[in-house]
Amino acid sequence: MSNRFPRPLKGVFPVVPTTFTADGGLDLDSQKRCVDFMIDAGSNGLCILANFSEQFVLGDDERETLTRSILEHVAGRVPVIVTTTHFSSQICIERSRRAQEQGASMVMVMPPYHGATLRVNEAGIYEFYARLSDALDIPVMIQDAPMAGTPLPAAFLARMAKELKQIRYFKIETAGAASKLRDLIALGGEAIEGPWDGEEAITLLADLDAGATGAMTGGGFPDGIRRIVDAYAAGDRETAVLEYGRWLPLINYENRQGGILTAKALMKEGGVIACDAPRHPFPPMSGPVRDGLLDAARRLDPLVLRWAR
């Protein structure tokens, strides 16, 4: 188990879904198979405990169990990013230090927010990330996502990258991501070690054109996302465009229809995991959505549908 992978970290780092039993308990056997599949499918690294991991339904003790179990099971095969978001600077730092000690290569953190109305001003956000940076020896990825409801202008992100040692990676999921990535790279220069794409790869091609070097997508078909990212990184944009067009129906189905449960639905269909249910009160995937998702997937023959066969 190691957090000492060559930097910059780049490539396809999909989010690992959290697997539950039918009665809502953690299913660690399925969790380990899920991780093994994702590595076999070509993931350059993994991200755990993110929003697409249903982190919002997990207890603190479960977060600890999952972090320890997954990092031990990965055993240094690929770098792992641990999401440690919390409104409290102190709790975020404590979570992040534990992840670092257990072998995380990076932590991903949203700006402090709670619910629909509790926000922190720019000075407070800067201090939040400054304290986190000072507490760690591994890089921090700022997750710039609409869920936080917190504007993070490119100039502000670039300033933090230049002034705070560990603030080096940025997952941009907001509207107009490609333009923001361009601005961030232009303003931050070498301090922007990792400008990354998010949002299930729906804007991946435009974001690669803008300079994105990493993609944090859903976990169901990293083999498909790799075909796009690898071609682009090799300088073959034409192949990347063709592969993006080929995989776009499935990407779109995840981004616009299946959402958080997409990866688990695909893994359940392929026999990777035993159960694809979320925890109540998060609604399960409807039958028609599942049918449409599987139709889109079968046309592409991703590894997820045959890995466990």
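For segment 161-269, trypsin sites (Lys or Arg not before Pro) meeting the loop criterion (DSSP other than H, G, I, E, B) and having at most 15 other Cβ atoms within 10 Å: Lys165. The residues neighbouring Asp27, those whose beta-carbon lies less than 12 Å from its own, together hold a net charge of +1 under the Lys/Arg +1, Asp/Glu -1 convention. Selection among Ala148, Val15, Gly45 by position relative to the dipole of the chain gives Gly45 as farthest towards the positive end (Cβ unit charges, Cα centre).
Charging the Cβ of each Asp and Glu at -1 and of each Lys and Arg at +1, and nothing else, the dipole of segment 11-305 about its Cα centre rounds to 220 debye. Ordering Asp276, Asp207, Asp23, Asp230 by the number of other Cβ atoms within 10 Å of each residue's own Cβ, fewest first, gives Asp23, Asp230, Asp276, Asp207.
Taking each of Lys32/Lys264; Lys10/Lys180; Lys180/Lys264; Lys10/Lys165; Lys32/Lys165 in turn, the alpha-carbon distance tops 24 angstrom for Lys180/Lys264; Lys32/Lys165. When only alpha carbons are used to place a centre, segment 133-173 and segment 273-309 end up 33 Å from one another.
Shown for Trp247, Trp307: other C-beta atoms within 10 Å of each C-beta, ranked fewest to most, produce the order Trp307, Trp247.
If we count other beta carbons within 10 Å of each Cβ, what is the order of Tyr253, Tyr232, Tyr169, Tyr113, fewest first? Numbers along the way, then the final one.
Numbers: Tyr253 20, Tyr232 23, Tyr169 27, Tyr113 17.
So the ranking, lowest neighbour count to highest, is Tyr113, Tyr253, Tyr232, Tyr169.
Computed per residue of the chain from DSSP H runs no shorter than four, each worth -39500 (n - 2.57), the mean residue ellipticity at 222 nm is -13500 deg cm²/dmol. Inter-part distance, segment 57-113 to segment 219-248, computed on C-alpha centroids, equals 29 Å. Report D for the chain in µm² per second (integer): Stokes-Einstein, Kirkwood Rh on Cα pairs, 10 °C, 1.306 mPa s. Answer, rounded: 82 µm²/s.
Take every Cα pair under 8 Å in the chain that's 6+ residues apart, average their separations, divide by the length, and report that relative contact order as a whole percent.
Relative CO of the chain lands at 20 percent.
Where a number appears in this text, it was derived from the coordinates with a stated rule and is not lab data. Since the structure is predicted, the reported quantities are computational estimates derived from the model, not experimental observations. FYI the Cβ positions are ideal-geometry reconstructions off the backbone, even for glycines, and counts take in every protein chain you see.
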